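J.: Handing you a structure now.
The values are calculated or read from the model by the stated rules, or taken from the named source; none is laboratory data. All of these numbers come straight from a predicted model, not from anything done at the bench. No Cβ is skipped: glycine too gets one built from the backbone with ideal geometry, and neighbour counts run over all protein chains shown.
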Amino acid sequence: MARRLTIDPITRIEGHLRIDCEVDGGKVTNAWSSGQMWRGIELILKDRDPRDAWVFTQRICGVCTTVHAITSVRAVENALDLEVPLNAQYIRNMIMCAHGVHDHIVHTYHLAALDWVDIVSALEGDPAGAAKLGATLSDYRANSIPAITAVKEKLGSFVGTGQLGVFASGYWGHPAMALPPDVNLLAATHYLQALEVQRAANKIVSILGAKTPHVQNLAVGGVANPINPNSQSTLTLERLFAIRALIDQLKDFVHNALITDVAAIGALYADWTGYGAGVTDYLSVPDLPLDTKGTTFELPGGFVPASGIADFQAIDSYQDAYFRDGVAESVKHAWYDYSGPGTALHPFDGETAPNYTDFQDDGKYSWIKAPTFHGKRAQVGPLANVLAMVAAGHEPTTRHLNRLVALASQIAGTEIPLAALHSTIGRIAARAVRCAVLLDSLENQWQLLVDNIARGDFDTFNRPVFPKGEQRGFGYHEAPRGVLSHWVVIRDGRIANYQAVVPSTWNAGPRDDNDALGPYEASLVDNPVADPDKPLEVLRTVHSFDPCIACAIHLADADARPIVQVKAL
Ligand code: NFE
Ligand code: MG
C-alpha cells in the first residue's frame, strides 16, 4: 500500500526544505519539493541605487557567501556596458574559485558524507587496515596510522560518554549502509581533517575580500583592492604568496583525500549510479572571465540536452542571447500571483507577489518558483557543469574526471562507464571533479594576476555612470550549486525591477506550467526506500544536489507549524 512520507525540514542543508514522497513497494512513486520560507529580497531592492544592490543580495545566503554579490555587480555592469579591469576580474575569479573549493569540501564531508559513511561502524575499523587502504589510493601523508588512531579514539570517547553530539541522530546501522569498517574509519578521519582544511580556502577569500562570509571588496566596475607593490596596506606580493601556500595545502587534501573518498564511495555504492538521474537536460554557464568584457572564459558552460554531450550548445559571452532569452519562471505551483494570464515570465518582466494557500498536491505547494530554459526544466550544478566542460573539451576537467573514474573502477574491479554520472552518485563525483578543477583555475588566476601586476597594470576599478532612461542587464555565475543569474531593470539610475534566478530554484522548484516535475522531484521517483520510517535513501538523493533553500527563495512561513513526521540527521 502506498505510504506518504513528509520530511520537514530535511536537514544537513541550508534552509527549510520539505520533501514529500509516496512510497510503494519499497520505492518512491511520486514526490513534491517545497520551500517553506519567504523573504522578499527582490522587493527590498526596488528603488535603490544599483551600486548598492550587491550588498543586499549577498545577504540572500551565508553559505554561497560571495556569489550573489558577484552576480549582482555583473548584472549592473551588463546594463551599463561597463568593462571591468583585468586585475579586478582576476581578483574576483580567485575569490570565486576559493569559495567554490570551500563549499565543495564542506558539502562532500559535512553535509553529504554521513548519508554513506557509518560513524558507529568506523569504531570497528582497524587503523592499520584503514592506513593501508589509503596508501593504495594516494600518498596522502595524513593517512598515517597515528592520525587515524587519534580519530578513532576521539570518536570512541564521544560514543563512550553516550554523547554523540552532531552525530546523535544518524542512521547508523541502517541496512542501506554498505561500507566496511576500515573504509568508514578512513572517511571519518577525512571528515574531521576537512574541518581544518576548509579554513585554508576561507582564508584566501578573506585575504582578497576583507572578510568571509560576505566579502566587502566589490564595486560595480571592479574591486576595492588597491594594488601598490610599495605599500604594505595594499595587495602585496607577500599576501599573494601566502595565498599560494594555501592553494598547495588545499590541493594535497582535494587530490589525495576528497577525490579518493568519493571514488571509493562511488565504487562501493555502485548501485546508486542507477538511481537519481531525474531531469537530464543540464544547464551551466561559463565562468572566470579572462578579458574586460566577458567574451572569453577559463571555464566553459552551456546547455547539455538529454540527447547527450554531442548536442552541447555553448553559452559564450555576457551578451549571450541564447541564455538571455531562454530563462523564465512559472508560479503555477508556487505561492505567488502573476498579474497577467498564468504563464511563465521572463525575469526582466518578473513579478514577486506572494499569496500563501497551504500545501496542495495538485495546486500550489512551495515558495520556490519553477524556472525553465527555453520551455524545459533543467538540472543545474557541478554535474551539469562537468558535462558541459567535457563537451567543450576542457582539459583539466577531463583529466580529473578520468582519474576519479579510473580509481573507482580499480576499487570496483570493473570499468565504470561515463553514463554512471547521470545519478545520485554522479552528482557527488562531479562536485569532487569540479573542486579539483577550481583549484587548478585558482592557481592559474593567481599567476595571471601576478603577471599582470608585473607588467605595471595596477587598475582595479572603472567608475559607473548611470544615464537617464531605462537600461536592462543580466549577470550570471556558475555558483557552487549551479547557474545563478540576476536580472536588473534600471530606470533613471534607480532599480525598477530585480529578479534572482538561483541554482537551488532551478533544482528545488515545484512542477511547472506543464506540470513537469522539478529536478529534486524527478530524481526521487524510483529511489529505493528500505524502511519508510528511516528514509535514508531519500536523504541521499536530495542531499546530492546540495540544497540551499535560503538561496532558492530569497524572498518564512509566518505560521511555522511542527509537521515533522520522521527524524533526519
Ligand atoms: Ni545559498 Fe547558492 C549557491 C546560490 S544556491 S547556496 O551555490 O546562488 O542555490
Ligand atoms: Mg527569484
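J.: Taking the options Ala328, Ala370, Ala378, Ala334, name whichever one is under 22 Å from Gly276 (Cβ atoms), within 15 Å of ligand 2 (Cβ to nearest atom) and at pLDDT 95 or above.
T.: Ala370
J.: Given the residues Phe474, Phe466, which is the only one that is modelled with pLDDT of 95 or more and part of a loop (DSSP other than H, G, I, E, B)?
T.: Going through Phe474, Phe466 in turn, the sole match is Phe466.
J.: A further question on this structure: For the condition β-branched (Val, Ile, Thr), farther than 26 Å from Trp38 by Cβ and away from ligand 1 (no atom under 16 Å from the Cβ), what is the one hit in Val450, Val489?
T.: Val450
J.: Further question on the same structure: Would you list the helices (runs of 4 or more DSSP H) that sit entirely within the stretch 74-178 and hold 1 or more residues that are in contact with a strand residue (DSSP E or B) (Cβ under 9 Å, 6 or more places away or on another chain)?
T.: 86-106
J.: Using beta carbons and a limit of 6 Å, which pairs, at least six apart or on different chains, have the first residue in the stretch 502-521 and more than 16 Å from ligand 1 (Cβ to nearest atom) and the second one outside any loop (DSSP other than H, G, I, E, B) and aliphatic (A, V, I, L, M)?
T.: Qualifying pairs under 6 Å: Asp512/Ala370; Glu521/Ala31.
J.: To continue, here is another question. Taking the stretch 38-60 on its own, how many of its residues are closer than 19 Å to Ala334 by Cβ and either within 10 Å of ligand 1 (Cβ to nearest atom) or under 20 Å from the mean Cα position of the chain (by Cα) (or both)?
T.: 1
J.: Let me ask something else. Can you tell me how many residues in the stretch 285-328 are of a type in the set (Asp, Glu) and over 30 Å from Asn452 (Cα atoms)?
T.: 2
J.: From the list Ala408, Ala432, Ala412, Ala370, which residue is surrounded by fewer than 22 Cβ atoms within 10 Å (Cβ to Cβ) and hydrophobic (A, V, I, L, M, F, W, C)?
T.: Ala412
J.: Does Asp512 qualify as being in a loop (DSSP other than H, G, I, E, B) and buried (at least 24 other Cβ atoms within 10 Å of the Cβ)?
T.: Answer is yes for this residue.
J.: Here is a follow-up. Where the second residue is away from ligand 1 (no atom under 15 Å from the Cβ) and the first is assigned to a loop (DSSP other than H, G, I, E, B) and lies in the stretch 47-69, which pairs have Cβ atoms under 6 Å and are six or more apart or on separate chains?
T.: Filtered contacts from the stretch 47-69: Asp47/Arg494; Arg48/Ile495.
J.: I've got another one for you. Report yes if some residue within the stretch 348-360 is β-branched (Val, Ile, Thr), away from ligand 2 (no atom under 16 Å from the Cβ) and touching a strand residue (DSSP E or B) at 6+ places or on another chain (Cβ under 6 Å); otherwise report no.
T.: no
J.: Can you pull out the residues in the stretch 351-366 that are at pLDDT 95 or above and not in a strand (DSSP E or B)?
T.: Phe359, Gln360, Asp361, Asp362, Gly363, Lys364, Tyr365
J.: Let me ask another. Within the stretch 278-285, identify whether any single residue is more than 16 Å from ligand 1 (Cβ to nearest atom) and under 27 Å from Glu395 (Cα atoms), and answer yes or no.
T.: yes
J.: Which residue out of Asn30, Asn87 is surrounded by fewer than 24 Cβ atoms within 10 Å (Cβ to Cβ) and closer than 30 Å to Asp451 by Cβ?
T.: Asn87
J.: If Val223 satisfies all but one of (1) more than 29 Å from Asn452 (Cα to Cα); (2) in contact with a Phe, Trp or Tyr (Cβ under 8 Å, 6 or more places away or on another chain), what's the number of the condition it fails?
T.: Val223 satisfies every listed condition except (1).
J.: Now a separate question. Is there a residue being buried (at least 20 other Cβ atoms within 10 Å of the Cβ), within 27 Å of Gly493 (Cα to Cα), at pLDDT 95 or above and in contact with a Ser or Thr (Cβ under 9 Å, 6 or more places away or on another chain) anywhere in the stretch 99-112?
T.: Checked against the condition, which is being buried (at least 20 other Cβ atoms within 10 Å of the Cβ), within 27 Å of Gly493 (Cα to Cα), at pLDDT 95 or above and in contact with a Ser or Thr (Cβ under 9 Å, 6 or more places away or on another chain), the stretch 99-112 yields no hits at all.
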